[in-house]
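The values are calculated or read from the model by the stated rules, or taken from the named source; none is laboratory data. These figures come from a predicted structure and were not determined experimentally. Counting neighbours? That spans all protein chains shown, and the Cβs are built from the backbone with ideal geometry, glycine included.
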Amino acid sequence: MATVLITGASAGLGLELAWQLATARHDVVLVSRDAGRLERLAGQLRAAAGVDAEVLPADLAERDQVEKVAQRLRDPDRPVSFLANNAGLAVGEPFVGGDLAAHERAHEVMVRAVMVLSHAAAGAMVERGRGAILNVSSIAALTAMGTYSADKAWVRTFTEALAIELKGTGVTATALCPGLVHTEFHQRAGITDTYPEIAWLNADSVVAAALADVRRGAVISTPSLRYGILSEVTRLLPRAAVRAVSSDKRLRRHVAQESES
Ligand SMILES: NC(=O)c1ccc[n+]([C@@H]2O[C@H](COP(=O)([O-])OP(=O)(O)OC[C@H]3O[C@@H](n4cnc5c(N)ncnc54)[C@H](OP(=O)(O)O)[C@@H]3O)[C@@H](O)[C@H]2O)c1
């Protein structure tokens, strides 16, 4: 039975990844800050899916705690064959005049931890000749909405570069770039529905599509036809037009709040 390590497993997409992977008979290592929620989830997964579920609490904004997770990924006696770098947090304020420390923490979780954990996992997986890494970016990576867009653009580009380096090793790298998804992200940030229901995706379909893309070795995963089309259109637009759309106050508010929790 293969083992998967999921960051941000206590809620939202990470929680759904844990359920879908455990149901597919994978042992899981669950990482996030909230040890209580992880313990409860681990108990449910053991009972419902009959898998091993390990709890590894860590604040990924803290470098020593990221290293603890990296050590787990490097452990040759307990190989991890799938890493999901999913944890995301947010800033919720402008960069200019905002709290720099909040932007730095978000950057540590969504950029530095992704790099460190990918490095640990890729090294161990390449030695074994198989494995997969899923890094959660966002459709916001294609826009210019605050440090959140910049961090997610880093994840997308980094994952493409990683996929190139990994070619022929038996290890794959996939960047998941979802649009709006019903998770705790918006609830934590106090967002009320300001978008039509058609704009929203559910975590179960996003995760199912992402895992199918991982299985076929896709480098970029953009779940749903509508966000696939939006993504391609955005990529083809002149950047001036992207900046114009990115300056829309409603979108900016959403992205700020998406990255706030
Ligand atoms: N929801 C959307 O519309 C959307 C769209 C595009 C991309 N995304 C991305 O999807 C990913 C998952 O987000 P979500 O929507 O599932 O949000 P969510 O429901 O709020 O879950 C976020 C997860 O990240 C964990 N986390 C936050 N800060 C952390 C830290 N410092 N250290 C360790 N874990 C931390 C949280 O766990 P603890 O609180 O227990 O630490 C939680 O498990 C994020 O990378 C996000 O940027 C979301």
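As a summary of the residue check, ALA121 satisfies the conditions (1) closer than 24 Å to LYS68 by Cα; (2) part of a loop (DSSP other than H, G, I, E, B); (3) among the hydrophobic types (A, V, I, L, M, F, W, C) except for the one numbered (2). Pairs are defined by a Cβ separation below 9 Å, a sequence spacing of at least 6 or placement on different chains, a first member in region 94-112 that is at pLDDT 95 or above and within 12 Å of the ligand (Cβ to nearest atom), and a second member that is small (Gly, Ala, Ser) and assigned to a helix (DSSP H, G or I); the pairs so defined are HIS107/ALA150; VAL111/ALA150. With respect to the stated conditions, ALA132 fails to be away from the ligand (no atom under 11 Å from the Cβ), farther than 17 Å from GLY179 by Cβ and part of a helix (DSSP H, G or I).
None of ALA49, ALA84, ALA2 is more than 8 Å from the ligand (Cβ to nearest atom), more than 19 Å from the chain's Cα centre (by Cα), closer than 25 Å to ILE164 by Cβ and surrounded by 15 or more Cβ atoms within 10 Å (Cβ to Cβ) except ALA2. Residues in region 96-108 that are on the phi < 0 side of the Ramachandran plot and exposed (fewer than 13 other Cβ atoms within 10 Å of the Cβ): VAL96, LEU100, ALA101. ALA11 falls short on exactly one of the conditions (1) free of Cβ contacts under 8 Å to residues at least 24 places away in the same chain; (2) within 25 Å of THR222 (Cα to Cα), and that condition is (1). A residue that is touching a strand residue (DSSP E or B) at 6+ places or on another chain (Cβ under 6 Å) and basic (Lys, Arg) cannot be found anywhere in region 56-67.
In this structure, THR157 does satisfy being under 20 Å from SER246 (Cβ atoms) and modelled with pLDDT of 95 or more.
A Cβ distance below 8 Å, combined with a sequence gap of six or more or placement on separate chains, defines the contacts here; from region 119-134, residues that are on the phi > 0 side of the Ramachandran plot reach residues that are of a type outside the set (Lys, Arg) and part of a helix (DSSP H, G or I) in the pairs GLY131/ALA121; GLY131/ALA122; GLY131/ALA124; GLY131/MET125. When region 198-207 is limited to residues that are of a type in the set (A, V, I, L, M, F, W, C) and either part of a strand (DSSP E or B) or within 14 Å of the chain's Cα centre (by Cα) (or both), the one that is nearest to ILE133 (Cα to Cα) turns out to be VAL207.
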